[in-house]
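Written out below as structure tokens is the structure these notes cover.
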Amino acid sequence: MINDLISDGLTRIRNAAMRRLDTTQLLHSNVVEATLKILVQKGYIESYNVIEENNKKFINVVLKYDERGRSVINELKRVSKPGRRVYQGKDEIKRFKNGYGTIIVSTSKGVLSNDEAHKAGVGGEVLCSVW
């Protein structure tokens, strides 16, 4: 049984990118879907779609590569873990990697990127970082 669907999803994306696969399949949860929505908006993955089979939901993710065939994602890292939660206040959420990277934060207003959370003036649990 998988306890942390976010970590599992990020690991599946990382592994598929290392093997240069076109797509990968993740287990569905609302937080994972919201995280993927941000990754699509920021241009780290092509697209995703939710599939329901036998009363179970899965998410097919289409990965994105540059013209040389390398993955657009350099690093995809889980920050807050079930054993050690990491929270940042509204003043601590700023730019990541000089604007080249993105931090995904779970806030009271939903799952947001660091730019959106800074504009909204909210803090929350830091789910992962991408660059």
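Observations, loosely collected:
- Per-pair calculated FRET efficiency, R0 = 41 Å: D91 and E46 via Cβ, rounded to 0.05: 0.75
- Lys, Arg +1 and Asp, Glu -1 on Cβ, resulting dipole of the chain about Cα centre, debye, nearest 20: 360
- Computed [θ] at 222 nm, helices only, for the chain once each DSSP H run of length n ≥ 4 contributes -39500 (n - 2.57): -8000 deg cm²/dmol
- Once backbone amide H atoms are built at 1.01 Å from N, F96 has G101 as its partners under 5 Å, excluding neighbours fewer than 5 places away on the same chain.
- Each Cα pair under 8 Å and six or more residues apart adds its separation to the average, and for the chain the resulting relative contact order is 22 percent.
- Extended-chain gain in nm, criterion 0.36 nm per residue less alpha-carbon gap, A34 and R20: 2.7 nm
- Cα→Cβ-extended label distance, 7 Å offset, between K77 and D4, nm: 1.4
- Solvent-accessible surface (1.4 angstrom probe) belonging to E53, in square angstrom, nearest 10: 90
- Potential lengthening between T11 and N54 on full extension [0.36 nm per residue; Cα-Cα distance subtracted]: 13.0 nm
- Over 23 Å [Cα-Cα, the chain], rounded percent: 31
- Within the full protein context, the accessible area of H28 is estimated at about 40 Å² for a probe radius of 1.4 Å.
- nm² value of the averaged projected area, convex hull over the Cα atoms of segment 74-131: 3.7
- Reachable lysines from K57, criterion Cα separation under 22 angstrom, eight or more residues apart if same chain: K37
- Positive-end extreme of charge dipole, the chain - chosen from A34, I93, I6 (charges on Cβ): I93
- Distance between segment 60-78 and segment 94-112 - C-alpha centres, whole angstrom: 18
The values are calculated or read from the model by the stated rules, or taken from the named source; none is laboratory data. From a predicted model like this one, the values you see are computed outputs, not experimental measurements. So basically every Cβ, Gly included, is an ideal-geometry build from the backbone, and we count neighbours across all protein chains shown. Protein only, heavy atoms only, side chains kept; ligands, DNA and RNA dropped before computing areas. Shrake-Rupley method; radii C 1.70, N 1.55, O 1.52, S 1.80 Å.
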